[in-house]
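As structure tokens, the structure follows; a few thoughts come after it.
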Amino acid sequence: MLAWLSRRKKGPGWLAFTIDEQAVSYVIGHNAGRGKAQIARYGRHAVQGGGPHPEKFARELHADRHQCSTLLRPGEYQMLLVEAPSVPQNELKSAIRWRIKDMIDYHVDDAALDVLDIPAEESPAGARSHSMYAIAARNDVIQSCIERSESLRVPLSVIEIPETAQRNIASLFEMEGDARGIALLHLDERSSLLTVNCRGELFLARRFEIGLEHLRGARDDATDRILLELRRTFDHFERQFRNASIGRLLLAPQPGRDSLAARFADELGLAVETADLGAVLAFDGNGTPDAETQWRLFHLFGAALRYEAKAL
């Protein structure tokens, strides 16, 4: 998980929010790591006429009681797969920074950096193959996130990315005793995000430029392209993680997913299910959201389920 910002001591639960040209969207949730995770509130406030009054917005959502997070948008960051350097933990980020300096199109000193570990895979020779994701964003992107948060009087604790938010949701659908991986596919208007979880950890994430607008324009062609990317990704996963396999593919709430599920099941030879958040989350305040709301707020639900186990 990402923690570019200093942590502030607050009560349990997270307020996750995003701001765009049309609305301020938010979800308040609490994941205790046992039982059903809870969603206390969720919603969207239109920004016409200047948007919600900052003090009123923060007061109504009790922003001072929660850790607060926001999500970076696709294009605001890069998620780079790198070999894990053999250095002490306190030198890790410096070593990763040096390793990615030629992988980004701006000076590495202008990058905010965090790392996401991928569980090591035991090779046949006994050596451990170990990779990790480096997440890099320009410092001015991070500063913009802070300024947007301050405009709502909501103090940020953490900046998330959709990949980790999606991982949080996929982990809720993992079945006890099943060591196989679970893939989750979410389509927005212009792109798709595929993640693969195993034992609660994010093993793989890929974004490809095929979205709902492509399905509406040339459905069969777009579906074929998604299938091709799924096959490539699953083949890569099985080559990279020889001791793991993918047991199920979940489709996030999105328009037209039932027909996609049927096609994918036929073509992939894999169990394909539609992910209903009402089955794994307890919605306390607003009631269970409809499919449209689940789709629009999908990654905010995931960000609000951030869970950090306490060290013993």
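The values are calculated or read from the model by the stated rules, or taken from the named source; none is laboratory data. Here the structure is a predicted model, which means the values were calculated and not measured. Please note: Cβ atoms are built from the backbone with ideal geometry, for glycine as well, and neighbour counts cover all protein chains shown.
For the stretch 44-64, name all the residues that are surrounded by 13 or more Cβ atoms within 10 Å (Cβ to Cβ) and either hydrophobic (A, V, I, L, M, F, W, C) or in contact with a Gly (Cβ under 8 Å, 6 or more places away or on another chain) (or both). His45, Val47, Phe57, Ala58, Leu61, Ala63, listed by residue number.
The residue of the stretch 182-202 that is modelled with the lowest pLDDT, among those that are closer than 14 Å to Arg248 by Cβ and in contact with a helix residue (DSSP H, G or I) (Cβ under 7 Å, 6 or more places away or on another chain), is Asn197.
Of the residues Arg148, Arg199, which single one is charged (D, E, K, R) and farther than 29 Å from Met103 by Cα? The match here is Arg199. All conditions but one from (1) under 17 Å from Leu305 (Cβ atoms); (2) in contact with a Gly (Cβ under 9 Å, 6 or more places away or on another chain); (3) crowded, with 19+ Cβ neighbours inside 10 Å apply to Arg41; the one that does not is (3). Among the residues making up the stretch 266-312, a single one is among the β-branched types (Val, Ile, Thr), in a loop (DSSP other than H, G, I, E, B) and more than 16 Å from Arg44 (Cα to Cα): Val280.
Give the residue that is nearest to Ile210 (Cα to Cα), with candidates limited to residues of the stretch 220-257 that are more than 19 Å from the chain's Cα centre (by Cα) and among the small types (Gly, Ala, Ser). So, considering only residues that are more than 19 Å from the chain's Cα centre (by Cα) and among the small types (Gly, Ala, Ser), the one nearest to Ile210 (Cα to Cα) is Ala222.
All of Gly256, Gly247, Gly269, Gly285 fail the test of being farther than 30 Å from Ser157 by Cα and loosely packed, with under 14 Cβ neighbours inside 10 Å, apart from Gly269.
Here Ser69, Ser94 are screened, and the one residue that is under 19 Å from Arg306 (Cβ atoms) and surrounded by 12 or more Cβ atoms within 10 Å (Cβ to Cβ) is Ser69. Identify, please: which residue in the stretch 200-232 is surrounded by fewer than 20 Cβ atoms within 10 Å (Cβ to Cβ) and touching a residue at least 40 places away in the same chain (Cβ under 8 Å) and is, among those, nearest to Glu292 (Cα to Cα)? Restricting to residues being surrounded by fewer than 20 Cβ atoms within 10 Å (Cβ to Cβ) and touching a residue at least 40 places away in the same chain (Cβ under 8 Å), the top hit is Leu212.
Checked across the stretch 120-132, the condition of being hydrophobic (A, V, I, L, M, F, W, C) and in a strand (DSSP E or B) holds for at least one residue. When you look at Ala120, is it under 28 Å from Gly211 (Cβ atoms) and among the small types (Gly, Ala, Ser), yes or no? Criteria not met by Ala120.
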